[in-house]
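Trainee: One structure is given below, represented as structure tokens, and several questions about it will come after.
The values are calculated or read from the model by the stated rules, or taken from the named source; none is laboratory data. Remember, predicted model here, so these are calculated numbers, not experimental data. Cβ placement follows ideal geometry from the backbone for every residue including glycine, while neighbour counts extend to all protein chains displayed. Heavy atoms of the whole protein, side chains included, go into the accessibility calculation; ligands, DNA and RNA do not. Shrake-Rupley method; radii C 1.70, N 1.55, O 1.52, S 1.80 Å.
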Protein chains: 2
Amino acid sequence: MPAPLTEEQNRRAREDLLDAAERLFYERGIQAVGMDQVRAASDLPLKRIYRLFPTKEDLVVAMLRRRDRRWRESLTVSVEQVADPRARVLAVFDWLAGWFAEPGFRGCAWINAHGELGSSSPAVLAEVRSHKRAFRAQLAEWALAAGVPAAADAVFLLAEGAVVTAGIAGDPAPARQARSAAAALLAQQGGVQQCGVQQGGETTDPSGSAPASIS
Amino acid sequence: MPAPLTEEQNRRAREDLLDAAERLFYERGIQAVGMDQVRAASDLPLKRIYRLFPTKEDLVVAMLRRRDRRWRESLTVSVEQVADPRARVLAVFDWLAGWFAEPGFRGCAWINAHGELGSSSPAVLAEVRSHKRAFRAQLAEWALAAGVPAAADAVFLLAEGAVVTAGIAGDPAPARQARSAAAALLAQQGGVQQCGVQQGGETTDPSGSAPASIS
DNA sequence: TAAGGTAGAGAACGCCCGTTCTCGACGCAA
DNA sequence: TTGCGTCGAGAACGGGCGTTCTCTACCTTA
């Protein structure tokens with residue numbers, strides 16, 4: 001191998017490295033994982049790691065950025081399979097329920113990173129804020145399309161509260177609770193045909209975390 | 001001073017120590033603050049610190065526990081000055097708004113601690129869960145008294161989302177947004193006289209932070 | 001085949017961590 | 001006054017951190 005590395009080799013190494021870093025940092029926390037553990041998990045020489053990312057902070061930021069891209073893409077793909085604009089907003093919570101139920105779920109990687117490094121690393125703080133802004137903007141777009149632009153803030157706060165609570169309690173139930181609250185708000189804010197009666201879909205909320213009716 | 005320390009001296013030292021630890025840990029993060037910095041800030045010999053709390057983890061747990069007691073007491077005192085049970089639930093968000101606007105506000109100490117140590121320290125995790133359970137239970141009690149027990153989950157999730165969001169964005173606005181959403185849910189869930197019109201109490205909002213409309 | 005240069009393995013560096021230990025200073029009972 | 005025992009100050013300890021450096025092995029080019 002001594003002979004310059006190909007672009008492709010570097011690209012692959014970068015992905016492997018980010019894979020290992022993302023898994024370890026999310027599982028155990030960023031400060032709790034040393035660069036040597038990242039090296040062992042990625043099976044890459046330390047020298048190459050530092051050529052790809054000059055500091056640990058750079059690695060953390062790159063990891064958060066890639067995760068943000070994938071996270072929002074997964075959400076969007078899932079939610080936009082739902083045709084009805086109103087149901088789309090609620091589908092966000094079904095997607096959250098699926099996420100919460102994943103084996104290694106440990107809350108929001110960005111909120112966790114903020115708790116660890118928000119006060120000491122401006123770069124990480126900026127990345128966290130950027131992610132939250134993007135998520136909120138996406139929700140606002142869907143709320144607008146559903147004719148309930150004023151509900152965007154509440155939907156965002158309910159989603160954030162659900163993620164935090166599910167992460168701490170280790171229980172996916174908050175997704176359902178947040179969904180119910182969002183459904184009630186949507187029924188109220190959008191034009192409702194009959195007083196005090198919700199449109200169909202919200203009250204039929206089957207057991208498991210992802211109801212059949214909407215998603 | 002060589003001659004056993006008074007009970008009173010130990011009590012005072014313990015409080016001073018917890019004061020210093022709470023301030024430093026909240027400002028900069030727990031892992032980012034070394035015991036030597038705690039020693040310097042508390043102006044106590046390291047030996048005495050370790051006699052009061054055998055490990056850093058013990059100090060962290062004690063700090064979180066004392067903060068929990070004070071935090072919930074402050075909330076309760078503030079909220080229970082409001083007479084109307086329905087308005088009480090909304091007063092939670094007014095109290096949050098005041099908290100968010102405090103100079104050093106940096107989000108929820110328990111959520112931050114969870115992000116840092118939740119996966120490595122069972123004692124800290126238990127303390128965080130205990131705090132969240134207690135907060136939720138208090139909200140459920142107020143929701144029940146207001147005749148809207150079903151709103152407890154939503155109020156809790158809105159509050160959690162507001163705390164996290166305000167902490168990350170460094171902006172107290174989420175308190176207002178969460179309050180509005182809660183007001184809408186309360187108006188809907190409790191018996192409402194006229195369709196789409198809220199009962200009195202939610203819209204008349206003392207002090208600063210809560211607008212009249214839903215937005 | 002010889003020279004040059006980059007790769008990898010991992011030791012080394014300086015620093016800081018949580019925790020313990022040493023040691024001189026001092027208050028109190030006899 | 002003489003010990004005894006606890007105190008405070010801070011050095012010491014073992015280990016882990018992020019990062020850099022050394023050194024050998026090998027491929028590539030001439």
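Trainee: Residue pairs, Cβ under 8 Å, 6 or more apart or interchain, first in region B:47-71 and in contact (Cβ under 8 Å) with a residue 60 or more places away in the chain, second more than 16 Å from DNA strand D (Cβ to nearest atom) and hydroxyl-bearing (Ser, Thr, Tyr). List them.
Mentor: Listed by first residue and then by second, the contacts come to B:Asp68/B:Ser130.
Trainee: Please verify whether A:Ala143 is closer than 21 Å to B:Ser180 by Cβ, part of a helix (DSSP H, G or I), open to solvent by 40 Å² or more (accessible area, probe 1.4 Å) and not β-branched (Val, Ile, Thr), treating the condition exactly as stated.
Mentor: Values: closer than 21 Å to B:Ser180 by Cβ: yes; part of a helix (DSSP H, G or I): yes; open to solvent by 40 Å² or more (accessible area, probe 1.4 Å): no; not β-branched (Val, Ile, Thr): yes.
No, not satisfied.
Trainee: Regarding A:Phe100, is this residue within 12 Å of the chain's Cα centre (by Cα) and open to solvent by 30 Å² or more (accessible area, probe 1.4 Å)? Break it down stepwise before answering.
Mentor: Working: within 12 Å of the chain's Cα centre (by Cα): yes; open to solvent by 30 Å² or more (accessible area, probe 1.4 Å): no.
No, not satisfied.
Trainee: Can you find even one residue in region A:75-98 that is in contact (Cβ under 8 Å) with a residue 12 or more places away in the chain and within 16 Å of DNA strand C (Cβ to nearest atom)?
Mentor: No, region A:75-98 has no match at all.
Trainee: Additional query: When you check A:Ser119 against the structure, is it surrounded by 15 or more Cβ atoms within 10 Å (Cβ to Cβ), of a type in the set (Ser, Thr, Tyr) and either at pLDDT 95 or above or under 20 Å from B:Ala32 (Cβ atoms) (or both), yes or no? Before you say what the answer is, go through the steps one by one.
Mentor: Values: surrounded by 15 or more Cβ atoms within 10 Å (Cβ to Cβ): yes; of a type in the set (Ser, Thr, Tyr): yes; either at pLDDT 95 or above or under 20 Å from B:Ala32 (Cβ atoms) (or both): yes.
Here the answer is yes, as A:Ser119 does meet what is asked.
Trainee: Restricting region A:9-38 to residues that are over 28 Å from B:Asn112 (Cβ atoms) and within 13 Å of DNA strand C (Cβ to nearest atom), which is nearest to the other protein chains (Cβ to nearest Cβ)? Full working, then the answer.
Mentor: Kept after step one, since they are over 28 Å from B:Asn112 (Cβ atoms), are these residues of region A:9-38: A:9-16.
Next cut, within 13 Å of DNA strand C (Cβ to nearest atom) only: A:9-10, A:12-14, A:16.
On the way: A:Gln9: 33, A:Asn10: 31, A:Arg12: 29, A:Ala13: 27, A:Arg14: 26, A:Asp16: 23 Å.
Checking each candidate, the answer is A:Asp16.
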